[in-house]
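Peer 1: Below is one structure. I have some questions about it.
Read-outs throughout are calculated quantities, based only on the coordinates presented, and are distinct from any laboratory measurement. Every value quoted in this text rests on a predicted model; they were computed, and no experiment measured them. Reconstructed Cβ throughout: ideal geometry from the backbone, glycine too, with neighbour counts over all protein chains shown.
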Amino acid sequence: MPNIVVLVKQVPDTYSERKLSDSDHTLDRESADAVLDEINERAVEEALLIKEAQGGEVTVLCVGPDRATEAIRKALSMGADKAIHVSDEALHGACLLQTTKVLAAAIGRVDGVDLVIAGNEATDGRGGAIPAMLAEVLGFPQLTHARKVEIDGSAIKVTRETDAGLQHLEASLPAVVSVGEKINEPRYPSFKGIMAAKKKPVETLTVADLGIDAGSVGLAAASTAVLEAAPKPPRAAGTRVQDEGDGGAKIAEFLVGQKLI
Amino acid sequence: MSEVLVLVDQVDGEVKKVTFELLTAARGLGEPAAVVVAAPGTAGKVKDALAGYGAAKVYVAESADVDTYLVTPKVDVLAALVAAKSPAAVLIPATAEGKEIAGRLAVRTDSGLLIEAVGVEKSGDDVVAVQGIFGGAFTVKSKSTQGTPIVTVRPGGVEAEAADGAAAEETVEVPAADAAKATRVTGTEPIIGGDRPELTEASVVVSGGRGVGSAEKFDVVEKLADALGAAVGASRAAVDSGYYPAQFQVGQTGKTVSPQLYIALGISGAIQHRAGMQTSKTIVAVNKDAEAPIFEIADFGVVGDLFAVAPQLTEEVTKRKG
Ligand SMILES: Cc1cc2nc3c(=O)[nH]c(=O)nc-3n(C[C@H](O)[C@H](O)[C@H](O)COP(=O)(O)OP(=O)(O)OC[C@H]3O[C@@H](n4cnc5c(N)ncnc54)[C@H](O)[C@@H]3O)c2cc1C
Ligand SMILES: Nc1ncnc2c1ncn2[C@@H]1O[C@H](COP(=O)(O)O)[C@@H](O)[C@H]1O
């Protein structure tokens, strides 16, 4: 009966305008609508599928500001059992190393974790590194970019899908898995699920609760620093013509003019 | 001059273009040292190519373990080299695997990780990564404040320029894998590339969207691509509808491409699609809806039916090639 932790992240909705704050170049979270990252719905779905087949428990873990509770509730309403929310002003501007350290510490509070499931890549930063970094810190094998996950006792098999094609992976639990876009179709929360989620336990923690010194995290202590940030001037629209039977020829002419053919 | 480590991306001894881009970028920071972590016999095949792009040194770490275990052998070798050589920076391709290697290396060496760079610069003693974020809407410059800067560089971000390098070889050991922490690779099914260039490496990309209407009709896109020597891409709607395989998806959750020329056929230009292609040098769009947002960023747009316009363009291109 695997004990599963699913990592979820709240991200700015890509349909809304995403900006950096002028003062410290961190993500301007107020300017954009925030949603549970789509890939994390797939991570939750995979955890629930494993639980439905084999039993066990699903804990949602999120490191993010207070309003990330909406994303956590969504994961709970899909069917996860409980949640840990690490929310601390001190984490403002945290770098990837710090975020990994905090995630690892929070996972350490869950007894006997067998499986950590994350998304393969968040839509805000496109880091695609946290699951591997976490595996490094925890000393667990990484089975990332999964399009298929099979668990048999303490053995895990994953089909990994990347640009290079498919790879078949094997390791033993405990392990870190990250899921790709094609792994499953996440369920919609049912009305019953939404009502039940309101009563599910959410443990809210500060970094101090995790035994981490608040001064060792956040923008001032980050391992990377932004030196400058500037919005790029938007691309201007060029020429637009109506096809009058010569559309293809007109493009060819344009491409010749640009020395592209 | 300090060394700058470049992790070599290669398949069966064929060096990927991104490696040449990274070696070019490394020359602006210090002395480029290519790191080959691969199956035995690989270095001999890749050495000349690396020398041709200015590799002063080639660290050769060969072992059968490299193909048997996922990611960690490469991390082990790079971590040992970082400790032994104190390089000015480590440059790694921002591919799925490269991002993971870089992340683990940053943890292992307690170093700042700079992701998805489209350029690297030297500023005094600092290595500065130039990044385009939110699909290129912002340009950001950042640096590492601790350890050795570990930078993932996006394929196509830097233009590769040939240069002579001595490519002096030095053998490096691949540490034995720790079975409890490692992931075994028990089989692979590489993508059969065919004759078309790879999506992220191509200088021309022709993409089709939901407007193409079916898998069969995607040959309109493929024919134009082949006339131009281009790679084929697809929108997520086209992928989700089963018109084209997922590995060709362009956009926020697909590939980021930045070719000389991007041609969008029957693609509306949703923000998530644009995030993956709006840094293309020249954009051409064909869409029957004059209001389609793709026209807002197209250098040349044709309002019309792609099934009329694209075949005509294919013919014109073929004619000119004569
Ligand atoms: C989190 C998230 C991530 C996403 N990631 C991606 C991503 O990576 N890549 C991506 O592409 N999308 C992504 N999307 C989806 C994106 O929002 C759009 O739904 C998608 O890009 C639409 O694809 P499309 O332009 O092919 O289809 P549509 O928006 O349906 O547009 C089809 C277009 O074809 C035109 N057309 C139809 N017939 C013809 C014809 N005969 N001739 C000419 N024109 C014709 C129509 O006028 C229309 O403009 C993502 C969405 C979310 C929420
Ligand atoms: N702050 C966070 N809280 C919880 N999970 C996270 C956080 N950051 C990243 N993750 C997980 O790591 C995955 C990959 O993120 P990234 O490496 O940032 O692209 C996400 O889909 C999440 O599952």
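Peer 1: Specify which residue in the list A:Ala47, A:Phe191, A:Gly165 is farthest towards the positive end of the charge dipole of the range A:3-221, using unit charges on the beta carbon of Lys, Arg (+1) and Asp, Glu (-1), about the Cα centre.
Peer 2: A:Phe191
Peer 1: Separate question: Go through A:Phe140, B:Ala298, B:Gly41 and say which Cα lies farthest out towards the positive end of the charge dipole of the protein assembly as shown; charges sit on Cβ, +1 for Lys and Arg, -1 for Asp and Glu.
Peer 2: Of the candidates, B:Ala298 comes out farthest on the positive side.
Peer 1: If you take the square roots of the eigenvalues of the alpha-carbon gyration tensor of the range B:72-167 and sort them as a ≥ b ≥ c, do you get rounded (a/c under 1.5), prolate (a/b over b/c) or oblate?
Peer 2: rounded
Peer 1: A further question follows. Can you find, among B:Phe134, B:Ala177, B:Ile92, the residue farthest towards the positive end of the dipole of chain B? Put +1 on the C-beta of Lys and Arg, -1 on that of Asp and Glu.
Peer 2: Comparing the listed Cα positions along the dipole, B:Phe134 ranks first.
Peer 1: Next question, about the same structure. Given the Cα atoms of the range A:215-261, and with Rh set as the inverse mean 1/r over their pairs in the Kirkwood sense, what is Rg to Rh to two decimals?
Peer 2: Details: Rg = 23.0 Å, Rh = 15.6 Å.
Here Rg/Rh amounts to 1.47.
Peer 1: Going out from 0 in 10 Å bins, what whole percent of all Cα-Cα distances in the protein assembly as shown drops into each bin?
Peer 2: That works out to 3, 17, 27, 27, 18, 7, 1, 0, in percent per bin.
Peer 1: Quick one: grab the alpha carbon gyration tensor of the range A:115-162, order the square roots of its eigenvalues as a ≥ b ≥ c, and give me rounded if a/c is under 1.5, else prolate or oblate depending on whether a/b is larger than b/c.
Peer 2: oblate
Peer 1: Calculate the dipole size of the protein assembly as shown relative to its Cα centre from +1 charges on Lys and Arg beta carbons and -1 charges on Asp and Glu beta carbons; express the result in debye to the nearest 20.
Peer 2: Here the size comes out at about 560 debye.
Peer 1: Taking every residue in B:142-149, how many Cβ atoms of other protein chains lie within 10 Å of its Cβ, on average?
Peer 2: 4
Peer 1: Relative contact order (percent) for chain B, with alpha-carbon contacts under 8 angstrom and 6 or more residues of separation? Walk me through the numbers on the way to the answer.
Peer 2: Details: 743 pairs, mean separation 47.6, N = 322.
Relative contact order for chain B comes out at 15 percent.
Peer 1: Which entries of B:Lys288/B:Lys319; B:Lys16/B:Lys255; A:Lys259/B:Lys321; B:Lys17/B:Lys141; A:Lys19/A:Lys182 show an alpha-carbon separation above 19 angstrom in the structure shown? Could you put the intermediate results ahead of the total?
Peer 2: Values: B:Lys288/B:Lys319 26 Å; B:Lys16/B:Lys255 16 Å; A:Lys259/B:Lys321 13 Å; B:Lys17/B:Lys141 24 Å; A:Lys19/A:Lys182 29 Å.
Pairs exceeding 19 Å: B:Lys288/B:Lys319; B:Lys17/B:Lys141; A:Lys19/A:Lys182.
Peer 1: Have a look at the DSSP beta bridges in the protein assembly as shown and tell me what percent are antiparallel, nearest 5.
Peer 2: Roughly 40 percent of the DSSP beta bridges within the protein assembly as shown come out antiparallel.
Peer 1: Further question on the same structure: So what's the Cα pair-distance distribution over the range B:264-322, bin width 10 Å, in %?
Peer 2: Histogram of Cα-Cα distances, whole percents per bin: 24, 48, 25, 4.
Peer 1: Ignore the peptide's own chain and count Cβ atoms of other chains within 10 Å of each Cβ in A:170-182; give me the average, rounded.
Peer 2: Counting other chains' Cβ atoms within 10 Å and averaging over A:170-182 gives 3.
Peer 1: For the range B:9-156, what's the radius of gyration and Dmax over Cα atoms, in angstrom?
Peer 2: Final numbers for Rg and Dmax: 14.5, 44 Å.
Peer 1: List the pair-distance distribution P(r) of the range A:3-221, using every Cα-Cα distance, as the percent of pairs falling in each 5 Å bin from 0 up to the bin containing the longest distance, rounded to whole percents.
Peer 2: 1, 7, 15, 20, 21, 17, 11, 6, 2, 0, 0
Peer 1: A further question on this structure: Angle between the Cα long axis of helix B:42-51 and the longest principal axis of chain B, 0 to 90 degrees, nearest 10?
Peer 2: It is inclined by approximately 80 degrees.
Peer 1: Then there's this: What FRET efficiency, computed as 1/(1 + (r/R0)^6) with R0 = 22 Å and r the Cβ-Cβ distance, is obtained for B:Asp240 and B:Ile192, rounded to the nearest 0.05?
Peer 2: FRET efficiency, B:Asp240 to B:Ile192: 0.45.
Peer 1: Taking the convex hull of the alpha carbon atoms in chain B, what volume per residue do you get, in Å³?
Peer 2: Once divided by residue count, the hull of chain B is 144 Å³.
Peer 1: Right, next: If you place +1 on the Cβ of every Lys and Arg, -1 on the Cβ of every Asp and Glu, and leave all else neutral, what size is the dipole of the range B:42-185 about its Cα centre, to the nearest 20 Debye? Walk me through the numbers before you get to the answer.
Peer 2: Numbers: 14 positive and 19 negative charges, 72 e Å.
With only Lys, Arg, Asp and Glu charged at Cβ, the dipole is about 340 debye.
Peer 1: Let me ask something additional. With a Förster radius of 25 Å, plug the Cβ-Cβ distance of A:Gln54 and A:Lys82 into 1/(1 + (r/R0)^6) and report the FRET value to the nearest 0.05.
Peer 2: It comes to 0.85.
Peer 1: For B:Ala160, what is the net charge nearby, where nearby means another residue's Cβ is under 9 Å from its Cβ and Lys, Arg count +1, Asp, Glu -1? Before the final figure, lay out each step's value.
Peer 2: On the way: positive: B:Lys17; negative: B:Glu21, B:Glu159, B:Glu161.
Charge balance in the 9 Å sphere: -2.
Peer 1: Looking only at other chains, what is the average number of their beta-carbon atoms within 10 angstrom of each beta-carbon in A:137-150?
Peer 2: 3
Peer 1: Roughly how many debye, to the nearest 20, is the charge dipole of chain A about its Cα centre, given +1 on each Lys and Arg Cβ, -1 on each Asp and Glu Cβ, and no other charges?
Peer 2: Around 300 debye, computed over chain A.
Peer 1: Same structure, new question: Restricting to Cα atoms and excluding each atom paired with itself, what does the Kirkwood estimate give for the range A:1-116 in Å?
Peer 2: Taking the inverse mean of 1/r over all distinct Cα pairs, the range A:1-116 comes out at 14.9 Å.
Peer 1: Going by a ≥ b ≥ c, the root eigenvalues of the Cα gyration tensor, does the range A:63-120 fall in the rounded group (a/c under 1.5), the prolate group (a/b larger than b/c) or the oblate group?
Peer 2: oblate
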